[in-house]
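Only one structure is covered here, and it is reproduced in the block below.
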Amino acid sequence: MTMPGFCPCRSVRSRICNYYPTVTTMAFITPFSPKSSFPRLFAALLFCVAASAHAETGIQVRAAELDMVDEVYQLKADFEVNFSQAVEEALNKGVPLNFIMEFELNRPRWYWLDENISSAQRQLRISYHALTKQYRLQQNEQQKSFASLAELKSELSRVQDWRVVERAQLRKRFSYEARLRMKLDMSQLPKPLQVNALASKDWSLESEWFQWTLTP
């Protein structure tokens with residue numbers, strides 16, 4: 001029998017609430033601390049800088065063109081040369097580095113292999129002398145000295161007035177493909193260093209062929 005004014009649903013709810021106690025959830029918010037975050041941010045920044053520097057190691061041809069002077073085409077080019085830390089350390093310890101600059105001029109032929117019109121090479125040797133604290137760039141019998149590695153690389157990166165092909169070798173009704181590259185001559189490294197250099201990306205100093213069209 002139900003008593004007047006008594007609600008059985010209210011009684012049931014009361015028993016359920018007593019059986020399942022209320023759980024209070026607390027949230028903790030940690031305030032931002034510049035001191036604790038700075039080391040991690042600085043480490044991430046150093047990693048990005050190191051990765052960027054490693055990616056830039058190598059040789060690239062930025063621009064190249066042929067100008068005709070006195071019936072001879074002369075090559076003018078700009079390279080971007082970046083040494084890895086391993087290469088710089090070897091150079092500063094007295095290991096000379098030899099580079100080869102290669103130029104080719106070909107006439108494309110759809111029915112056969114391309115005809116080679118001209119091929120030329122330049123040998124360049126750079127070294128560091130501890131007694132004078134100077135870097136040297138040697139090309140054939142010419143030699144220049146520099147006070148810093150940056151000055152040496154700036155000179156190594158430029159090509160001026162390189163006579164590569166005579167005007168008489170070309171025909172007006174044809175187009176020609178010129179290409180240029182520069183690379184480190186691994187075979188000239190000391191034998192103990194060659195093994196490590198061949199297997200290391202730090203010594204990967206070889207540009208891709210840079211190509212352009214020449215129309216006389």
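All of the numbers you see were taken from the coordinates with simple rules; none came from a lab. Quick caveat, the model's predicted, so the values are computed rather than measured. Neighbour counts run over all protein chains shown; Cβ positions are idealised from the backbone, glycine included.
Just add up the charged neighbours of ALA147: K/R +1, D/E -1, any other residue whose Cβ is under 14 Å from the Cβ of ALA147. It would help to have the intermediate numbers written out before the result.
Working: positive: LYS133, ARG136, LYS144, LYS153; negative: GLU151, GLU155.
Net local charge, ALA147 excluded: +2.
A DSSP coil position with no more than 15 other Cβ atoms inside 10 Å describes the following chymotrypsin sites (Phe, Trp or Tyr not before Pro) in region 159-216: PHE174, TRP209.
Stokes-Einstein diffusion coefficient for region 92-146 at 37 °C in a medium of 0.692 mPa s, Rh from the Kirkwood formula over Cα pairs: what value in µm²/s? Write out the running numbers ahead of the final one.
Values: Rh = 13.8 Å.
Estimated via Stokes-Einstein, D reaches 238 µm²/s.
For region 124-213, the tally of Lys pairs with Cα-Cα distances below 17 Å comes to 5, considering only residues 8 or more apart or on different chains. In a DSSP loop and with at most 13 other Cβ atoms within 10 Å, the chymotrypsin sites (Phe, Trp or Tyr not before Pro) in region 66-157 are TRP110, TYR111, TRP112. For region 44-195, the spread of Cα coordinates along the three principal axes comes to 54, 41, 29 Å, biggest extent given first.
Backbone phi angles across region 70-78, fed through the Karplus curve with coefficients 6.51, -1.76 and 1.60 (θ = phi - 60°), yield HN-Hα couplings of 6, 6, 10, 7, 10, 8, 10, 8, 10 Hz in residue order; Gly and Pro are listed as x.
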